[in-house]
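Trainee: Can you read through this structure? Questions will come right after.
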Amino acid sequence: MTSASGRLVLAATPLGDPGDASARLIEALGSADVIAAEDTRRLRGLASALGVSPAGRVVSFYEDVETARLPKLLEALHGGETVLVVTDAGMPSVSDPGFRLVAACVEEDLPITCLPGPSAVTTALALSGLPCDRFCFEGFAPRKPGERSKWFAELVSERRTVVFFESPHRIASLLSDAAAALGGSRRAAVCRELTKTYEEVKRGTLAELAEWAADGVRGEISVVLEGAAPRQASVSDLVPEVAERVASGERLKTVAAEVAGAAGVSTKELYAAVLAARK
């Protein structure tokens, strides 16, 4: 499949069910010059399940060797070869190897394309029953207690739905810590073994999920966390904003009405608070 210019191909692989593989992935596995796989054994198992035989060279491309593999892969691309990157499940670069190679290809102006497909992030989000219009992905939850505490502190006021991954060995402690830091009534969903035989989505409050997980949870886990509720601004919080606008030349009554209306507080109380602050 060698051509005048090489090309990097990022390909999403099934999360568990081989039937989710795209026709383009199957074609790429059988035609790429080089396949950089997070786990070569799992790659060969997937190829066998799909009835395709990799024609190109298969090299390991997991986190610990990712940087060391870059020179040879870039050399192959410069030599006109097609390099296919696949991880154990889902999309390369998304909490998986691939980003460093993509960045290097961008730097060297080498062609890059993507074969879209399964993603644990969007699959969990869709199944969670939580708002999907705005969300953020946090990768894997921090392991160290100090880093985890800071992370929770940032999530206290995060308005978007949050998706992240966690190990089955730490999910019980994480949910317990989350309930303590974010409030036990905050809703969440724990998605386990997505697309596999024992797929399970457990929905509830953080307090309920922490109790459920205490008995032990197995499998690949994605967690979806409800965003924080809007914080109701107090009248005193709004005084500086009104004062600043009035100082710039706007009329107090007009500004007080606009700011109070946007924040859902009493215009009369805000107006009086601004006058009191001047004394």
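Trainee: Under 7 Å between Cβ atoms, which residue pairs at least 6 apart in sequence (or on different chains) link something in the stretch 62-86 that is over 16 Å from I112 (Cα atoms) with a partner that is modelled with pLDDT of 95 or more and of a type in the set (D, E, K, R)?
Mentor: Y62/E38; Y62/D39; E66/R100; T67/R100
Trainee: Could you tell me how many of the residues in the stretch 250-279 are closer than 11 Å to S236 by Cβ and β-branched (V, I, T)?
Mentor: Residues meeting the conditions: 2.
Trainee: Which ones in the stretch 80-95 are modelled with pLDDT of 95 or more and under 19 Å from G16 (Cβ atoms)?
Mentor: Scanning the stretch 80-95 gives V86, T87, D88, A89, G90, M91, P92.
Trainee: Looking at E211, E158, E166, which one is modelled with pLDDT of 95 or more and under 18 Å from the mean Cα position of the chain (by Cα)?
Mentor: Going through E211, E158, E166 in turn, the sole match is E166.
Trainee: Looking at the stretch 125-138, I want the residues that are over 23 Å from D96 (Cα atoms) and have a partner that is part of a strand (DSSP E or B) and open to solvent by less than 60 Å² (accessible area, probe 1.4 Å) with Cβ atoms under 6 Å, at least 6 apart or on another chain. Which pairs are those?
Mentor: L130/T161; L130/V224; P131/T161
Trainee: For the stretch 90-104, enumerate the residues that are at negative phi, surrounded by 20 or more Cβ atoms within 10 Å (Cβ to Cβ) and touching a helix residue (DSSP H, G or I) at 6+ places or on another chain (Cβ under 7 Å).
Mentor: Those that are at negative phi, surrounded by 20 or more Cβ atoms within 10 Å (Cβ to Cβ) and touching a helix residue (DSSP H, G or I) at 6+ places or on another chain (Cβ under 7 Å): P97, L101.
Trainee: While we're here: Residues of the stretch 161-208 being of a type in the set (S, T, N, Q) and farther than 19 Å from A120 by Cα, which ones?
Mentor: Within the stretch 161-208, S173, S176, S185, T205 qualify.
Trainee: Right, something else. Is at least one residue of the stretch 92-108 touching a strand residue (DSSP E or B) at 6+ places or on another chain (Cβ under 9 Å) and basic (K, R)?
Mentor: Within the stretch 92-108, not a single residue is touching a strand residue (DSSP E or B) at 6+ places or on another chain (Cβ under 9 Å) and basic (K, R).
Trainee: Can you tell me which residue in the stretch 235-264 is most open to solvent (accessible area, probe 1.4 Å), limited to those that are of a type in the set (D, E, K, R) and farther than 14 Å from L275 by Cβ?
Mentor: My answer is E244.
Trainee: Name the helices (runs of 4 or more DSSP H) wholly within the stretch 1-91 that hold at least 1 residues that are within 16 Å of V102 (Cβ to Cβ) and under 24 Å from the mean Cα position of the chain (by Cα)?
Mentor: So the answer is 66-78.
Trainee: Just name the residue that is nearest to L15 (Cα to Cα) out of those in the stretch 211-249 that are of a type in the set (S, T, N, Q) and touching a helix residue (DSSP H, G or I) at 6+ places or on another chain (Cβ under 7 Å).
Mentor: For the stretch 211-249, the residue satisfying everything is S222.
Trainee: If I go through the stretch 49-67 residue by residue, how many of them are more than 19 Å from L10 (Cβ to Cβ), surrounded by 12 or more Cβ atoms within 10 Å (Cβ to Cβ) and polar (S, T, N, Q)?
Mentor: 0
The values are calculated or read from the model by the stated rules, or taken from the named source; none is laboratory data. Since we're looking at a predicted model, the values are computed, not measured. All Cβ positions, even for glycine, are placed from backbone atoms using ideal geometry, and neighbour counts span all protein chains on display. Calculation scope for accessible area: heavy atoms of the full protein, side chains included, ligands and nucleic acids excluded. Shrake-Rupley method; radii C 1.70, N 1.55, O 1.52, S 1.80 Å.
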